């Protein structure tokens, strides 16, 4: 392999620059920048269509908001459900008494327990009473 020495390499520049390139460079840059700043971002014709579309959307949106909704309240919806469907739902989902009473105030709970027909009309004896206690997993010793 032949060794190359730096002293043997020609010292001329391989690239050439046009005459007065660097003296005109600043002026060329300023000219290009000023041309770009004069351009419009959105042509006027497109701006008109965009404003018209926005106006139509605003009118539609406001008319939808002002239309009275025919939504029923929670109480109205529950009134449409039969009592048997509610019982079936509660049995299927294993809802506890505590969960049922969770949303009630103390006054409402007292009103529920003070009703006259709670247990007075029941005439349970023997196996019927035991079956009822087993169904509701109630320990009779707690109440005696």
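The values are calculated or read from the model by the stated rules, or taken from the named source; none is laboratory data. All values reported here derive from a predicted model rather than from experimental measurement. Note: ideal-geometry Cβ built from the backbone for every residue, glycine included; neighbour counts use all protein chains shown.
Take the conditions modelled with pLDDT of 80 or more, over 28 Å from the mean Cα position of the chain (by Cα) and farther than 21 Å from residue 136 by Cβ and apply them to residue 56. Does it pass? Judged against the criteria, residue 56 is not a match. Residue 100: surrounded by 10 or more Cβ atoms within 10 Å (Cβ to Cβ), part of a helix (DSSP H, G or I) and either under 32 Å from the mean Cα position of the chain (by Cα) or modelled with pLDDT under 80 (or both), yes or no? Against the criterion (surrounded by 10 or more Cβ atoms within 10 Å (Cβ to Cβ), part of a helix (DSSP H, G or I) and either under 32 Å from the mean Cα position of the chain (by Cα) or modelled with pLDDT under 80 (or both)), residue 100 qualifies.
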